[in-house]
Amino acid sequence: MADSAALYLPTDWRDFLSLTKPRVMSLVIFTGLCGLLAAPGDIHPVIGFTAVLCIALGAGGAAALNQWWEADLDAGMKRTAGRPIPAGRLRGIDARDFGLVLSGASVMVMGVAVNWLAAAILAVSIVYYAVIYTIWLKPRTPQNIVIGGGAGAFPPMIGWVAVTGDVTLMPVLLFAIIFFWTPPHFWALALFVQTDYAKVGIPMMPVVKGEASTRRQILGYSLVLLPIAAAPWFIGETGAIYGGAAVLLSLTFLFLAAPVALRRAGPGDPMKPEKRLFGFSILYLFALFAGLVADRAYYGQGAFA
Amino acid sequence: MTPEEEIEFKRRRKGRNTALALVLLFFVILFYAITFVQFGK
């Protein structure tokens with residue numbers, strides 16, 4: 001057993017930190033914070049900070065559990081083979097315990113310090129990502145990204161509920177925006193990055209249904225995204241700042257998705273339209289949620305009212 | 001354990017201890033602040 005130094009050397013703390021996927025967490029923190037700032041009503045800054053911290057800790061815990069479960073798959077893929085568990089720098093059970101402690105602590109602190117509805121939704125989002133997505137559906141269906149998108153869609157909803165204490169149409173719409181944004185965002189990436197998902201038996205859409213179908217579905221989701229993103233404006237929950245931003249950003253998204261959907265790439269293709277769509281999709285989400293907060297602040301609603 | 005490994009062992013253990021101490025200190029301050037806010041309600 002003790003043939004490798006990693007087995008008896010204590011794990012470096014940075015490896016525990018990287019288990020939480022800090023880069024993914026930045027988007028989680030941003031959208032969670034935006035949901036919190038856009039929600040009607042006021043929240044004490046300390047409680048608001050605690051709520052966003054709990055969202056981040058929960059996401060980190062779920063990410064650690066995901067890597068504990070998928071260590072053998074990660075070992076088989078070039079992109080992920082260097083992660084702490086497959087690289088032998090961290091024991092799987094340590095990752096599992098770390099994930100469980102982070103998840104449990106995030107839910108309990110959210111419940112005690114903020115409110116129990118936000119804590120319950122946080123708990124659901126962790127179970128959704130770590131169990132329903134990672135363990136159950138990711139290895140079984142090419143719709144895994146659509147389902148996984150649901151996990152990433154929870155943070156703004158939790159941020160909103162942390163302030164209001166109840167679920168209304170707006171937090172559900174914020175959830176829907178990220179839910180419908182995720183498939184075109186991820187599949188654009190999947191088209192131009194050669195991944196080894198097929199090698200480890202994960203049924204990603206471009207591999208299972210082919211490139212043509214994936215490209216059509218990117219356009220389909222982009223079409224649905226436009227009315228969903230603009231819905232908060234249509235129902236009168238936001239003003240023209242958000243409405244204008246949502247329509248403009250979603251039309252640009254559609255404009256960039258159309259060439260991706262209508263073309264076929266041969267071998268050696270530089271994949272420029274796909275890379276453009278992927279790059280813009282990240283900007284899209286940041287700009288849309290920033291627009292939401294700016295709109296609520298300008299019209300005297302939300303945390304800045 | 002070779003002397004090099006022992007140095008590395010101590011370096012990592014110290015790093016972990018420091019990281020954990022800072023995390024605990026952070027939560028002590030956070031809970032202190034939360035308590036005051038909740039009492040103020």
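The values are calculated or read from the model by the stated rules, or taken from the named source; none is laboratory data. Keep in mind that this is a model prediction, so the values were computed, not measured. Neighbour counts run over all protein chains shown; Cβ positions are idealised from the backbone, glycine included.
Among the residues of the stretch A:7-24, is any assigned to a helix (DSSP H, G or I), crowded, with 23+ Cβ neighbours inside 10 Å and among the hydroxyl-bearing types (S, T, Y)?
Checked the stretch A:7-24: no residue is assigned to a helix (DSSP H, G or I), crowded, with 23+ Cβ neighbours inside 10 Å and among the hydroxyl-bearing types (S, T, Y).
Among the numbered conditions (1) closer than 24 Å to A:G165 by Cα; (2) surrounded by fewer than 19 Cβ atoms within 10 Å (Cβ to Cβ); (3) of a type in the set (A, V, I, L, M), tell me where A:L33 comes up short.
It is condition (2) that A:L33 fails.
Since B:Y32 meets every condition but one in (1) more than 10 Å from the chain's Cα centre (by Cα); (2) facing chain A (nearest Cβ under 9 Å), which condition does it not meet?
Unmet for B:Y32, out of (1) more than 10 Å from the chain's Cα centre (by Cα); (2) facing chain A (nearest Cβ under 9 Å): (2).
Taking the stated definitions as given, is A:G291 under 21 Å from the mean Cα position of the chain (by Cα), over 22 Å from A:W160 (Cβ atoms) and at pLDDT 95 or above? Quick ask: steps written out before the conclusion?
On the way: under 21 Å from the mean Cα position of the chain (by Cα): yes; over 22 Å from A:W160 (Cβ atoms): no; at pLDDT 95 or above: yes.
Criteria not met by A:G291.
Could you give every pair whose Cβ atoms fall below 9 Å, whose first residue belongs to the stretch A:4-28 and is within 12 Å of another protein chain (Cβ to nearest Cβ), and whose second residue is modelled with pLDDT under 90 and in a helix (DSSP H, G or I), counting only separations of at least 6 or pairs across chains?
As it stands, the answer is A:A5/B:E5; A:Y8/B:E5; A:L9/B:E5, since those pairs meet every condition given.
Going through A:F253, A:F280, A:F289, A:F304 one at a time, which residue ends up being touching a helix residue (DSSP H, G or I) at 6+ places or on another chain (Cβ under 6 Å), closer than 23 Å to A:L37 by Cα and either β-branched (V, I, T) or crowded, with 16+ Cβ neighbours inside 10 Å (or both)?
The match here is A:F289.
I'd like to check something: does the stretch B:1-10 contain any residue that is of a type in the set (A, V, I, L, M, F, W, C), part of a helix (DSSP H, G or I) and under 17 Å from the mean Cα position of the chain (by Cα)?
No.
Restricting to the stretch A:209-239, what's the tally of residues that are surrounded by fewer than 17 Cβ atoms within 10 Å (Cβ to Cβ) and without any contact (Cβ under 8 Å) to a residue 24 or more places away in the chain?
Counting residues in the stretch A:209-239 that are surrounded by fewer than 17 Cβ atoms within 10 Å (Cβ to Cβ) and without any contact (Cβ under 8 Å) to a residue 24 or more places away in the chain gives 6.
Could you tell me which of the residues A:M110, A:M170 is in contact with an Asp or Glu (Cβ under 9 Å, 6 or more places away or on another chain) and within 28 Å of A:I43 (Cβ to Cβ)?
Working: A:M110 fails: in contact with an Asp or Glu (Cβ under 9 Å, 6 or more places away or on another chain).
Going through A:M110, A:M170 in turn, the sole match is A:M170.
Of the conditions (1) more than 11 Å from chain B (Cβ to nearest Cβ); (2) not in a helix (DSSP H, G or I), A:I43 fails just one. Which one is it?
A:I43 satisfies every listed condition except (1).
Select from the stretch A:169-208 the residues that are among the small types (G, A, S) and over 20 Å from the mean Cα position of the chain (by Cα) and write down the one among them that is surrounded by the fewest Cβ atoms within 10 Å (Cβ to Cβ).
A:G201
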